[in-house]
Amino acid sequence: MVEPLPITRRRFLSSHRSLVTVFWIAAFASLFIWQSRGRGGSSSLYRGGGGLSSVFWWTTTTTLTTTRATNSGEFPRLRPFAFNLTDFGAVGDGVTVNTEAFERAVYAISKVSKKGGGQLNVPPGRWLTAPFNLTSYMTLFLAEDAEILAVQDETLWPLLPPLPSYGYGREHYGPRYGSFIHGQNLKDVVVTGNNGSINGQGVYWWKKYRAKLLNHTRGPLVQIMWSTDVVFANITLRDSPFWTLHPYDCKNVTITNMTILAPVFEAPNTDGIDPDSCEDMLIVNSYISVGDDGIAIKSGWDQYGTNYGRPSKNILIRNLIIRSMVSAGISIGSEMSGGVSNITVENILIWSSRRGVRIKTAPGRGGYVRDITFRNVTLDELRVGIVVKTDYNEHPDGGFNPQAFPVLENINYTGIYGQGVRVPVRMQGSKEIPVKNVTFRDMSVGITYKKKHIFQCAYVQGRVIGTIFPAPCENLDRYDEQEQLVKHSDSQNATDIDYEI
């Protein structure tokens, strides 16, 4: 039984529970609005550190006209040329395989790329297809009640070389299955709609994976590689075979008003969004409930990621609701060997999950995680709230350098609130991988477990500004609200990690 809190603390948490309730109502009302809107726009300005600024935008206010699609109501016209999937012989009965229709439609759009590109309208129906590629200057528009379905036959999925920053397939040596919807070396690609959906029918893959019947690494639902000016907006992605949305070595990517779904159990490795060696990226106003990390920021695996040398940087993540029963709401790593920096995560609700926000790495990774800000994060019914783990020992092969120690520094947690959290903080640095310059400010997390050591640290150096709850570990310096030093810690290398809690 949890010991009663002091009266002032109980009053604060009572007020905070009311705040959480209001947040939930507002958030789910917003989600309903996203799902019911026919089209919309978003714009944001993200200013990174060191004077670097990047503008992310996507808007439909400059649409040309509205064109009527065959048997499908109205589609907004976002490109000079519009094509309807049915014009290429597609049948939306959920049985007919429409791969040729999609391929012919994409080819038609590629022929008008120099004239502003084209839009492929997918009307209501269930459109079964094998994997297909996108092209530059293309908008894929899914009407309400339109669903693109992946065929359940891995022989129809192409095999691709391993990602250069991973060296091998993530699950098997050798080639990997391509993604269901794929694109490489593209410019100006938009995937949007009236909340239509793309369904990977992942159960087929999950069963085969667990039975060890696959000879290659499963493919993502959507993977865009080496591309610029990419937008995903106003659609649902569900039941991916593997990672759901995987932008790889891309620049200027906007992901907004998305719903990303998979079963919270028995859907292995179905991460929601995995920015991988990406730069200048915006992820906003979305709902994610999946069977692995909600978001996992990556940049390559051990020596392959180091040699590839493409960091993930300048990423803003804002206004999300996330659920991850087996992993974390938002993770950085563990594949982070190319480096991760200048990441801002703010206005996030993580509910009914195993972990909240996590940084994971290991000896052999190399690289760095630096200049990371978590701001205004609400944690509701979690096992562990804030996690840093430095012994996540998965490696592609024996060729990694065990002396390649990653650098973790300049990590800020401000406005961290919650209730029903078993262990609010577990920051496990090590002698070789200390966690440096960490700041906690304005934190109050209600706990469910009466133990002394629920703010756990090992080899952590940093500070606490003002009063936070629960009481911080002894590794951290204490500052008052005016940021004047109150007490300097002489125990930065102290270890107080208890995985039994």
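List of remarks:
- Within region 117-127, the set of residues being assigned to a strand (DSSP E or B) and either within 21 Å of I224 (Cα to Cα) or among the aromatic types (F, W, Y) (or both) comprises G118, Q119, L120, N121, V122, W127.
- Where a residue in region 228-240 is open to solvent by 40 Å² or more (accessible area, probe 1.4 Å) and its partner, wherever it lies, is of a type in the set (A, V, I, L, M), with Cβ under 6 Å and at least six apart: R238/L261
- Filter result (within 16 Å of I386 (Cβ to Cβ) and either open to solvent by 30 Å² or more (accessible area, probe 1.4 Å) or more than 31 Å from the chain's Cα centre (by Cα) (or both)) within region 462-492: R463, F469, A471
Okay, residues lined up against (1) more than 13 Å from the chain's Cα centre (by Cα); (2) surrounded by fewer than 24 Cβ atoms within 10 Å (Cβ to Cβ); (3) part of a loop (DSSP other than H, G, I, E, B); (4) modelled with pLDDT under 95:
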| position | (1), (2), (3), (4) |
| --- | --- |
| T270 | no, no, yes, no |
| S286 | no, no, no, no |
| D293 | no, no, yes, no |
| Q303 | yes, yes, no, no |
| V326 | yes, yes, yes, no |
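- Among residues of region 454-491, those that are outside any loop (DSSP other than H, G, I, E, B) and touching a residue at least 12 places away in the same chain (Cβ under 8 Å), counted: 14
- Residue pairs whose Cβ atoms lie under 7 Å apart, separated by 6 or more positions or on different chains, with the first residue in region 299-313 and under 12 Å from Y368 (Cβ atoms) and the second open to solvent by 40 Å² or more (accessible area, probe 1.4 Å) and outside any loop (DSSP other than H, G, I, E, B), are K313/E279.
- Matching residues, region 103-122, being touching a helix residue (DSSP H, G or I) at 6+ places or on another chain (Cβ under 7 Å) and open to solvent by less than 10 Å² (accessible area, probe 1.4 Å): A105, G117, G118, L120, N121, V122
- Test result for T129, among the polar types (S, T, N, Q), farther than 14 Å from Y248 by Cβ and buried (at least 18 other Cβ atoms within 10 Å of the Cβ): yes
- When N185 is tested against (1) modelled with pLDDT of 95 or more; (2) on the phi < 0 side of the Ramachandran plot; (3) open to solvent by 10 Å² or more (accessible area, probe 1.4 Å), exactly one condition is not met: (2).
- Residue, farthest from R238 (Cα to Cα), within region 147-162, restricted to residues that are open to solvent by less than 50 Å² (accessible area, probe 1.4 Å) and either of a type in the set (S, T, Y) or in contact with a helix residue (DSSP H, G or I) (Cβ under 9 Å, 6 or more places away or on another chain) (or both): P162
- The strands (runs of 3 or more DSSP E) found entirely in region 135-253 that carry 2 or more residues being among the polar types (S, T, N, Q) are 197-199.
- Of all residues in region 272-284, exactly one satisfies the criterion of being on the phi > 0 side of the Ramachandran plot and either of a type in the set (V, I, T) or buried (at least 24 other Cβ atoms within 10 Å of the Cβ) (or both), namely S277.
- Evaluated against (1) closer than 22 Å to V438 by Cα; (2) open to solvent by 50 Å² or more (accessible area, probe 1.4 Å); (3) acidic (D, E), E409 falls short on exactly one condition, (2).
- All positions within region 422-453 that are surrounded by fewer than 24 Cβ atoms within 10 Å (Cβ to Cβ), outside any loop (DSSP other than H, G, I, E, B) and among the β-branched types (V, I, T): T439, I447
- The numbered conditions (1) of a type outside the set (A, V, I, L, M, F, W, C); (2) open to solvent by 10 Å² or more (accessible area, probe 1.4 Å); (3) over 23 Å from D498 (Cβ atoms) are all true for S312 except (2).
- Inter-residue pairs, beta-carbon under 6 Å, first over 17 Å from S353 (Cα atoms) and in region 377-402, second open to solvent by 50 Å² or more (accessible area, probe 1.4 Å), 6+ apart: P396/Y168
- Just one of the listed residues (N393, N307) is open to solvent by 10 Å² or more (accessible area, probe 1.4 Å), more than 14 Å from the chain's Cα centre (by Cα), at pLDDT 95 or above and among the polar types (S, T, N, Q), namely N307.
- Selection count where residues are closer than 17 Å to R323 by Cβ, of a type in the set (S, T, Y) and surrounded by 24 or more Cβ atoms within 10 Å (Cβ to Cβ), scope region 241-262: 1
- Take the conditions (1) open to solvent by less than 60 Å² (accessible area, probe 1.4 Å); (2) touching a strand residue (DSSP E or B) at 6+ places or on another chain (Cβ under 9 Å); F400 misses just one of them, which is (2).
- Test: residue in region 366-379 that is surrounded by fewer than 19 Cβ atoms within 10 Å (Cβ to Cβ), of a type in the set (S, T, Y) and within 20 Å of the chain's Cα centre (by Cα): yes
The values are calculated or read from the model by the stated rules, or taken from the named source; none is laboratory data. Owing to the predicted nature of the structure, the values given are computational and were not obtained by experimental measurement. Note: ideal-geometry Cβ built from the backbone for every residue, glycine included; neighbour counts use all protein chains shown. In case anyone asks, the SASA skips ligands and DNA or RNA and just uses the protein heavy atoms, side chains included. Shrake-Rupley method; radii C 1.70, N 1.55, O 1.52, S 1.80 Å.
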